[in-house]
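Read the figures in this text as sums done on the coordinates, not as results from a lab. The model shown is predicted, which means the values in this text are computed figures rather than measured ones. Here the Cβ positions follow ideal geometry from the backbone for every residue, glycine too, while neighbour counts run over all protein chains shown.
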Amino acid sequence: MAKIIDGVAVAAEIRRELKVRSQALRERGVVPGLAVIMVGNDPASSVYVRNKVRACKEVGIESFRFDFEQDAEPASVLALIRELNCRSDIHGILVQLPLPPRFSVSEVLQTLSVDKDVDGFHLYNVGGLVVGGTVFPPCTPYGVVKMLEHEEIELEGQNVVVVGASNIVGKPMALMLMQRDATVCICHAKTRDLAQFTVLADILVVAAGKPNLIVPEMVKPGAVVIDVGINRLANGKLVGDVDFEGVSKKASYITPVPGGVGPMTVTMLLANTIAAAERRLRARQ
Ligand code: NAP
C-alpha cells in the first residue's frame, strides 16, 4: 500500500515556519501585505479567495480585498493594479482567475509588477522558470515540489511524467522538475496512448481535470503519484484525476484529493508573499 502524503500536515508545518518569518518582519516594522483582486462572483473563485484570505490571517499576512462587479471595465482593474504596484504596504498582488471573457488575461498579468507577482504568472517569472532564475515559482507546482522534498523523494535522474500542459500547472511543473535534474515528459489531451508514457514514470504528476483518468494499469509498481486534479462529481463528491483506491495499492506514495496538493497551493502563495516582503526589506537596507 502506498504511503499517503498528507498535504494538510505538510502545509501546516510550512505555515508554522511562515508565521515565524512573518513575525520577524513585523518586528522590523514590515507587515506583509497581499492584495486579492476578484472580478465577478464565480462560486468556486469565491471559495478560493475566502480560503486565501483566511490563510493569510493565520500566518500574519494582512490581506486587502478588491472586488469588482462581473461587468467591470478592464481599464478600472488595470488602473487598480498600477496603483497597488506602487503601494509600499502591499508586497504581493493576486488576480483571481478566471476573469470575465472580455478581459485580456495576459494584459492583466503583464501589468503586475514582477516584484509583486506572487502567483508567478508574469512573463518575466515564466521566463525565469525556463532559465532557472525565477522570482516567484507558481504556487501549485511549487507546492508539489515542496511535498516531494518533504518526503525526501529523489528527483535527480528520475523519470517524471506530467499529465496536463497548462500554463499554470503542467508546464511550470515540468520545468521545475527538469531544473532538479529529472527526465521529464509532458502529456496532454492529444497525446496518443497516454498509458505508454505513464507506465514509465517513477514520479507521475497528474493535472488534467479528468476524474479516473489514471487507473492502476497505467502506473508502474512503486511509482510516486501526485494528483493535482480537482473534480466535483454529479453526487457532489470531490475527487482527483487518479483512481485513488486502485492506484494506492500499486504506488509507493500517493496524494489524496481533497487534502493533498490543494492545501499546499495556498501555502505557497503565503510563502511567496512573505518572500516578497523579505526581499523588499533587504532592498531597503
Ligand atoms: P486546464 O487549463 O484545463 O489544463 C488541463 C490540461 O490537461 C491540458 O493541458 C489538457 O490538454 C490536459 N488534458 C485534458 N484531458 C486530458 C486527457 N484525457 N489526457 C491527457 N491530458 C489531458 O487545467 P489546469 O488549470 O491545469 O488544472 C488541471 C486540474 O488541476 C484541474 O482539475 C484543476 O481543478 C486542478 N488544479 C488544482 C490545483 C490545486 O491546488 N490542487 C490548482 C490548480 C489546478 P490540452 O493542452 O491538449 O488541452
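Summarise the long-distance tail of P(r) for the stretch 150-267 by giving the % of C-alpha pairs beyond 20 Å.
Roughly 36 percent, once rounded to a whole number.
Among the trypsin sites (Lys or Arg not before Pro) in the stretch 159-245, which ones are in a DSSP loop with at most 13 other Cβ atoms within 10 Å of the Cβ? Mind listing them?
Details: sites: Arg180, Lys190, Arg192, Arg232, Lys237; in loops: Arg180, Lys190, Arg192, Lys237.
In loop regions of the stretch 159-245 (DSSP not H, G, I, E or B), the sparsely surrounded trypsin sites (Lys or Arg not before Pro) are Lys190, Arg192, Lys237.
Select from Ala12, Ser252, Val206 the residue farthest towards the positive end of the dipole of the chain; place +1 on Cβ of Lys and Arg, -1 on Cβ of Asp and Glu, and compute about the Cα centre.
Ala12
If you line up the Cα atoms of the stretch 52-145 on their principal axes, what length do they span on each, largest first, in Å?
For the stretch 52-145, the Cα extents along the three principal axes come out at 37, 31, 25 Å.
Quick one: which of Lys210/Lys250; Lys3/Lys146; Lys146/Lys171; Lys210/Lys249; Lys171/Lys237; Lys52/Lys250 span more than 23 angstrom between C-alpha atoms?
Values: Lys210/Lys250 20 Å; Lys3/Lys146 16 Å; Lys146/Lys171 17 Å; Lys210/Lys249 21 Å; Lys171/Lys237 28 Å; Lys52/Lys250 34 Å.
In this structure, Lys171/Lys237; Lys52/Lys250 lie more than 23 Å apart at Cα.
Take the alpha-carbon centre of the stretch 186-229, take the same for the stretch 87-103, and report the distance between them in whole Å.
32 Å
Quick one: which residues, 5 or more positions from Arg65 or on another chain, have an amide H under 5 Å from its amide H? H modelled 1.01 Å from N in the peptide plane, none for Pro or chain starts.
Those qualifying (amide H under 5 Å, at least 5 residues apart or on another chain) are Val36.
Hey, any idea what the orientation-averaged projected area of the convex hull of the stretch 1-157's Cα atoms comes to, in nm²?
Details: hull surface 45.7 nm².
Taking a quarter of the hull surface, the average projection is 11.4 nm².
Count neighbours as other Cβ atoms within 10 Å of each site's Cβ, and list the trypsin sites (Lys or Arg not before Pro) in the stretch 1-55 that are DSSP loop with at most 15 such neighbours. Before the final figure, lay out each step's value.
Details: sites: Lys3, Arg15, Arg16, Lys19, Arg21, Arg26, Arg28, Arg50, Lys52, Arg54; in loops: Arg28.
Hits after loop and neighbour filter: Arg28.
Among the GluC sites (Glu not before Pro) within the stretch 114-180, which fall in a DSSP loop and have no more than 10 other Cβ atoms within 10 Å of their own Cβ?
On the way: sites: Glu149, Glu151, Glu152, Glu154, Glu156; in loops: Glu151, Glu152, Glu154, Glu156.
The qualifying sites are Glu152, Glu156.
Counting just the Cα atoms, what span does the stretch 112-190 cover along each of its three principal axes? Round to the nearest Å and put the largest first.
Cα spread of the stretch 112-190 along its principal axes, largest to smallest: 35, 33, 19 Å.
Have a look at Leu109, Phe68, Gly143 and report the one farthest towards the positive end of the charge dipole of the chain, computed about the Cα centre with Cβ charges (Lys/Arg +1, Asp/Glu -1).
Ranked along the dipole, the leading option is Phe68.
Counting only C-alpha contacts under 8 Å and six or more residues apart, can you give the relative contact order of the chain as a whole percent?
Values: 549 pairs, mean separation 65.2, N = 285.
Reported relative contact order: 23 percent.
Quick one: what do you get for the stretch 29-106 if you divide its Cα Rg by 2.2 N^0.38 Å?
Details: Rg = 12.7 Å, N = 78, 2.2 N^0.38 = 11.5 Å.
Ratio of Cα Rg to 2.2 N^0.38 Å: 1.11.
What size of dipole, in debye to the nearest 20, comes out for the stretch 120-264 about its Cα centre when the only charges are +1 on Lys and Arg C-beta atoms and -1 on Asp and Glu C-beta atoms?
Roughly 500 debye for the stretch 120-264.
Expressed as an acute angle from 0 to 90° and rounded to the nearest 10, what is the orientation of the C-alpha long axis of helix 170-179 relative to the principal long axis of the chain?
Helix 170-179 sits at roughly 80 degrees to that axis.
In sequence order, what are the phi-derived ³J(HN,Hα) couplings for the stretch 44-49 according to the Karplus relation 6.51 cos²θ - 1.76 cosθ + 1.60 with θ = phi - 60°, rounded to whole Hz, with x for glycine and proline?
Each residue of the stretch 44-49 in turn: 5, 4, 4, 5, 4, 5 Hz.
Measure out, as a whole number of angstrom, how far apart the alpha-carbon centroids of the stretch 1-78 and the stretch 120-165 sit.
So the separation of the two Cα centres works out to 20 Å.
State, to one decimal in nm², a quarter of the convex hull surface area for the C-alpha atoms of the chain, i.e. the direction-averaged projected area. Spell out each step's value before the answer.
Working: hull surface 60.2 nm².
Average projection, Cα convex hull of the chain: 15.0 nm².
Could you work out [θ]222 nm for the chain from helices alone, using -39500 (n - 2.57) per DSSP H run of at least four and dividing by all its residues? Round to the nearest 500 deg cm²/dmol.
Working: 10 runs with 123 residues, N = 285.
Computed mean residue ellipticity for the chain: -13500 deg cm²/dmol.
Nearest 20 debye, what's the magnitude of the dipole of the chain about its Cα centre given +1 on Lys and Arg Cβ and -1 on Asp and Glu Cβ?
Working: 31 positive and 31 negative charges, 93 e Å.
For this selection, approximately 440 debye.
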